[in-house]
Amino acid sequence: MLLSCSEHKDSSEKKHKDKEKTKHKDGSSEKHKDKHKDKDKEKRKEEKVGVSYRGGKMKPPFFVSFCSPPRIKDEPDDDGFYASPKEDSKPLKRPREDDDADYKPKKIKTEDIKKAKKRKQEEEETDNSVLNCIEWEEERYPEGIKWKFLEHKGPVFAPPYEPLPENVKFYYDGKVMKLSTKAEEVATFFAKMLDHEYTTKEIFRKNFFKDWRKEMTSEEKSTITSLSKCDFTHMSQYFKAQTEARKQMSKEEKQKIKEENERLLKEYGYCVMDNHKERIANFKIEPPGLFRGRGNHPKMGMLKRRIMPEDIIINCSKDSKVPPPPPGHKWKEVRHDNKVTWLVSWTENIQGSIKYIMLNPSSRIKGEKDWQKYETARRLKKCVDKIRNQYREDWKSKEMKVRQRAVALYFIDKLALRAGNEKEEGETADTVGCCSLRVEHIKLHPELDGQEYVVEFDFLGKDSIRYYNKVPVEKRVFKNLQLFMENKQPEDDLFDRLNTSILNKHLQDLMEGLTAKVFRTYNASITLQQQLKELTNPDDNIPAKILSYNRANRAVAILCNHQRAPPKTFEKSMMNLQSKIDAKKEQLADARRELKSAKADAKVRRDEKSKKAVESKKKAVQRIEEQLMKLEVQATDREENKQIALSTSKLNYLDPRISVAWCKKWGIPIEKIYNKTQREKFAWAIDMAEEDYEF
DNA sequence: ATCGGAACTTAGTATTCAGCCG
DNA sequence: CGGCTGAATACTAAGTTCCGAT
């Protein structure tokens, strides 16, 4: 059933039950804080869900507006800006598909299923699966069931701590001090990071020291009272030497380690899920260490404790062989929950969240989900125009909440912002997404650099990556933003009547299965498709076409703000490449000279041998020209990629079928676009998509 | 019906690997 | 043939959305 899901699965999406949290941010501008529970709306939605999709019915009529009561008490004076009938409606800035008309709602199904079936058969033949494949296409699990059979070997635990050799010393206040094993282990975590700037940060040091002291004996505790008196340098040197020694190991030793890893992988790296042997993504338990959050994380430096079998919950099927815990230990629990996909879980001690061991992206269960994701995005394509018209209408709504929702959705759509859940203050780095934007994160410019109504965004998003962008917006949006910001402090929420739950509930009404993140997927994929159309020059050779592909990919990465730290060696490697290009140019000049003289030679001699020489010189020139071209393309590509990470969008946002189709269309080997891992992840798409695939 | 936690996707960085060049 | 480099992979944090207990 691998690839046959969509309709059914889509229709089985559950009712939405998002909570409607009230935001609290102390004191300031209280009048903006009162939330309105739109009971009416809630009710109506309920009804809709009732008749809805389950059982394959049509989704509810596109949208019902809820402008009616209750009015907001601080409803702004109608200054006419939103009621004005002559208000223009400029098209959105981002290019969009105009050919929606001839878009056919390809329902995948039969054809694809056949193909998938074929592929699966082939796969079976080469597969290392020991099991017979029963007719997998037919298996269609009842709602929520993820598998019928699941067997695995359990996790691999981090290697136990090996105490330092006697001669490696720790000094406190200038004096040698022998630490207890537990305290020593934690000290080594710090020592290993000594070169990292983390260890200079106040919060990191404070958190570390606090947690370290918890591991100390009472004696150590009373002696070691100040981190700045601790000297880890000797330990640090020891570890550096160890790393060095590891590098210097002989081939045989390295080989041995490699084999050991392979053995581990073979033994623990796979599981059996419903007649298939599947690769596990992360079968190794995270080793203990110091927590390194991203950005300005309040918990950085805290001790991530060692996970023991007693912390571990095993999930597998009842009729499987339950993995035995390590000798002398017990699992926390063994359960048989086939409504989830994880194999192993444990609770982590920094945030108290649960961590999981799950399957590799190449697995059926992940691939299917991935496919579904893109199908949802394609369904959005069909109704995105309606939705856009709707939110533009809503900018004029009498209800504050509706307006905020509409403006937020506009940002999510136009700028591919993330939804932006509220976060518990002090638990994580202070980052935001769309719904959690604060007044301080945007600046309004009625005019800027010759453009009207420019919004300047500057905030930290996921992973504390900065989002900085100046965007011209439509007048109504601009006016609305001014309104939202009235009488607020910088640290107040911009959309004080909105949260992701409200937004997603609304989206759910607009389209079954629609959530905020679908817009990111949709806009990323549609941009790729459109950019590929635009940028691919049929006359280009393969490297040039690939450059075009990368540029299209890059357009998406920029849209999604996927950044990376410029590689440390970037400048250097750029220079290397340049000198390579220079060398190649010289080589080309040489080759041309040689060709010339060979030609002259042939003219004089007129024998077969010299003719052949000319031919071979010609070929040499051509080859070098090609090589040069390739290098130059590479240089351009790399320069443009300095701070942009392509891999995230490639892996998570771009419908792989677009890329596969493009490759087929232009005769580009798929290996040029996707490496081995990516090909495994996108196997379903590689098999399914034809040249004419349309997202 | 709400709430908070569970489940799962998305993310950037650190480490390892493989192959190329001198 | 070893050291270096860029690519691939490993790792795990940080998001979003779902969902079940109360």
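The values are calculated or read from the model by the stated rules, or taken from the named source; none is laboratory data. Just so it is clear, the structure is predicted and the values come from calculations on it, not from any experiment. Here the Cβ positions follow ideal geometry from the backbone for every residue, glycine too, while neighbour counts run over all protein chains shown.
Listed by position, the helices (runs of 4 or more DSSP H) inside the stretch A:535-648 whose residues that are away from DNA strand B (no atom under 16 Å from the Cβ), of a type in the set (D, E, K, R) and touching a residue at least 40 places away in the same chain (Cβ under 8 Å) number at least 2 are A:542-559, A:608-640. Within the stretch A:638-667, restricting attention to residues that are over 22 Å from the mean Cα position of the chain (by Cα) and not aliphatic (A, V, I, L, M), the residue that is nearest to A:K568 (Cα to Cα) is A:E639. For the residues A:D607, A:D687, the requirement of being within 20 Å of A:K369 (Cα to Cα), more than 23 Å from the chain's Cα centre (by Cα) and at pLDDT below 90 singles out A:D687. Somewhere in the stretch A:506-520, is a residue near DNA strand C (Cβ under 9 Å from one of its atoms) and farther than 30 Å from A:L646 by Cβ? Yes - at least one qualifying residue is present in the stretch A:506-520.
Scanning the stretch A:410-423 for residues that are part of a loop (DSSP other than H, G, I, E, B) and of a type in the set (K, R) returns A:R418, A:K423. Residues in the stretch A:283-307 that are surrounded by fewer than 17 Cβ atoms within 10 Å (Cβ to Cβ), within 14 Å of DNA strand B (Cβ to nearest atom) and part of a loop (DSSP other than H, G, I, E, B): A:E286, A:P287, A:R292, A:R294, A:G295, A:N296.
Quick grid of which residues meet (1) touching a Ser or Thr at 6+ places or on another chain (Cβ under 9 Å); (2) buried (at least 16 other Cβ atoms within 10 Å of the Cβ); (3) more than 30 Å from A:R466 (Cα to Cα):
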site	(1), (2), (3)
A:V614	no, yes, yes
A:E640	no, no, no
A:I644	no, yes, no
A:P656	no, yes, no
A:K664	no, yes, yes
A:N675	no, no, no
A:K681	yes, yes, no
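Within the stretch A:143-157, the residues that satisfy the criterion of being surrounded by fewer than 15 Cβ atoms within 10 Å (Cβ to Cβ) and not β-branched (V, I, T) are A:E143, A:G144, A:K148.
So is A:K277 at pLDDT below 95, within 24 Å of A:N338 (Cα to Cα) and either surrounded by 15 or more Cβ atoms within 10 Å (Cβ to Cβ) or over 25 Å from the mean Cα position of the chain (by Cα) (or both) or not? So A:K277 passes the test.
When A:P325 is tested against (1) over 26 Å from A:P361 (Cα atoms); (2) near DNA strand C (Cβ under 10 Å from one of its atoms); (3) modelled with pLDDT of 95 or more, exactly one condition is not met: (2). Scan the stretch A:446-477 for residues that are under 29 Å from the mean Cα position of the chain (by Cα), surrounded by 14 or more Cβ atoms within 10 Å (Cβ to Cβ) and of a type in the set (F, W, Y) and jot them down. Selection gives A:F457, A:F459, A:Y467.
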